[in-house]
Every structure is written in structure tokens, then in C-alpha cells.
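**Q** My questions will all concern the structure given below.
The values are calculated or read from the model by the stated rules, or taken from the named source; none is laboratory data. Nothing here was measured: the structure is a model prediction, and the numbers come from that model. Because the Cβ atoms are built from the backbone with ideal geometry, glycine has one as well, and the counts that use them run over all protein chains shown. Surface accessibility is based on the protein's heavy atoms, side chains included, excluding ligands, DNA and RNA. Shrake-Rupley method; radii C 1.70, N 1.55, O 1.52, S 1.80 Å.
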Amino acid sequence: MDNQLTLALAALFGLQGIPCVYYGTEQGLHGIGSSDRNVREALWGKPPNAFDRTHPFYKALQQIAQVRVHQPALRYGRQFFRQLSGNRRDFAVSSFTPGVFAFSRILDAQEVLLVANTAEQGTFRGEVIVDSDLNQGDGSFGVLFSNIAAFTAPNALRTASEGSVTIRELDGSNTIGPARVLPVTVQPLEVQILRR
């Protein structure tokens with residue numbers, strides 16, 4: 001399966017707004033080529049059962065859509081880009097490509113977190129800041145969706161004490177904690193949708 005595409009679809013379905021998927025994406029239609037036939041691939045008028053409900057993209061998109069249906073925060077929640085760290089000390093929104101990005105969607109007292117590693121090589125082992133008011137007790141987040149079959153579930157939440165971290169805020173200022181953080185492991189081109 002093309003993990004780059006499924007990562008993009010999960011991000012699309014996690015971000016604010018109504019997700020729009022181009023016709024044929026779920027069937028792996030690419031539209032590449034110089035002839036009109038390649039650019040206008042059609043499923044209709046082909047042999048019976050041309051629409052493949054077992055195609056890996058179709059199945060992944062179906063799973064992602066089901067997560068969105070069952071998680072109101074992904075449809076109606078406020079969106080917050082989350083700082084992350086690879087060394088447990090320095091937290092910031094990823095400023096390089098390829099990189100790791102994370103954002104939360106929060107509705108009422110429910111936080112859904114999406115973490116994605118856009119790099120083709122190199123597993124990200126680090127921590128992501130989560131809402132401290134909503135995630136006070138012990139525990140962790142569960143994986144609602146991953147585009148990797150052998151994913152690693154997040155470890156237990158922890159509190160980084162004041163002064164033990166530097167957090168680069170979105171406005172460019174720095175703060176020093178405390179912060180509630182979730183340890184995550186995200187493989188190359190993996191996306192995880194997580195909820196406590």
C-alpha cells in the first residue's frame with residue numbers, strides 16, 4: 001500500500017473542513033499519461049465489478065472515514081497544532097521537510113490527536129504536547145487508525161516539569177513548561193490517529 005497517500009488522506013480527514021477526495025483515488029487511479037484515455041480513467045462501462053471494494057486505498061479510506069464518523073472532535077472540534085520533541089527537552093512545531101507534524105482536534109472534553117511522519121526514512125521516537133487540562137490522570141492514548149499494520153502504540157502520558165523543557169510557541173516566544181506530553185513512535189510515512 002502507498003503509505004504516503006494514506007497518510008495524506010488521514011490528514012485530510014483530520015483537519016478542519018469537509019474532506020474532498022478526487023474521483024478514483026480510492027481505486028488507485030492516477031491519471032498519469034499523455035493520452036486522453038489515461039487522464040480520464042473511468043470505472044463505469046468497464047467489465048463487471050470494476051469498482052474494487054477490496055482495493056487497499058478503498059479499505060484505508062473507509063477506515064479513516066469511519067474514525068471521522070465516530071469521533072465528533074474530527075468534524076466539529078477546534079484545531080491546535082502541537083509541538084513535539086525528539087530529545088524530551090526542546091519542543092516546537094516541525095519546521096523542516098520532510099518532518100513530523102501533529103495536531104489535536106478538541107471538542108468538549110475530548111481530544112483526538114493526529115501524528116504523522118512525512119519522512120521516507122527514519123522512525124520518529126519522541127513526545128507530543130497534549131492538552132494538560134483534559135489529560136491529567138495516568139494513562140495513554142489508543143490508536144484509532146494507523147496506515148502501518150505493525151504500529152507502536154503510544155507510551156503513558158507524563159508531565160514535563162517546569163524548567164525541564166523549552167517550548168517554542170506558535171507566536172515565536174519560548175516557555176519552559178510544565179507540559180503534559182505523550183511519548184510516540186511513528187515509522188516513516190506513518191500516520192496515527194489517537195484518542196485517550
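**Q** Do you know which residues across the stretch 154-187 are of a type in the set (S, T, Y) and either farther than 15 Å from V100 by Cβ or open to solvent by 60 Å² or more (accessible area, probe 1.4 Å) (or both)?
**A** Within the stretch 154-187, the subset of a type in the set (S, T, Y) is 159, 161, 164, 166, 173, 175, 185.
Correct list: T159, S161, S164, T166, S173, T175.
**Q** Does any residue in the stretch 92-105 that is farther than 16 Å from I167 by Cβ come within less than 7 Å, Cβ to Cβ, of a residue that is open to solvent by 60 Å² or more (accessible area, probe 1.4 Å) and of a type in the set (A, V, I, L, M) six or more places away or on a different chain, and which pairs are these?
**A** Within 7 Å, no pair qualifies.
**Q** Which condition number in (1) under 18 Å from L144 (Cα atoms); (2) in contact with a helix residue (DSSP H, G or I) (Cβ under 9 Å, 6 or more places away or on another chain); (3) at pLDDT 95 or above is the one that T118 fails?
**A** In the conditions (1) under 18 Å from L144 (Cα atoms); (2) in contact with a helix residue (DSSP H, G or I) (Cβ under 9 Å, 6 or more places away or on another chain); (3) at pLDDT 95 or above, T118 misses (1) alone.
**Q** Considering each of F124, F151, F141, F145 in turn, give the residue that is open to solvent by 40 Å² or more (accessible area, probe 1.4 Å), of a type outside the set (V, I, T) and either modelled with pLDDT of 95 or more or on the phi > 0 side of the Ramachandran plot (or both).
**A** On the way: F124 fails: open to solvent by 40 Å² or more (accessible area, probe 1.4 Å); F141 fails: open to solvent by 40 Å² or more (accessible area, probe 1.4 Å); F145 fails: open to solvent by 40 Å² or more (accessible area, probe 1.4 Å).
Residue meeting the stated conditions: F151.
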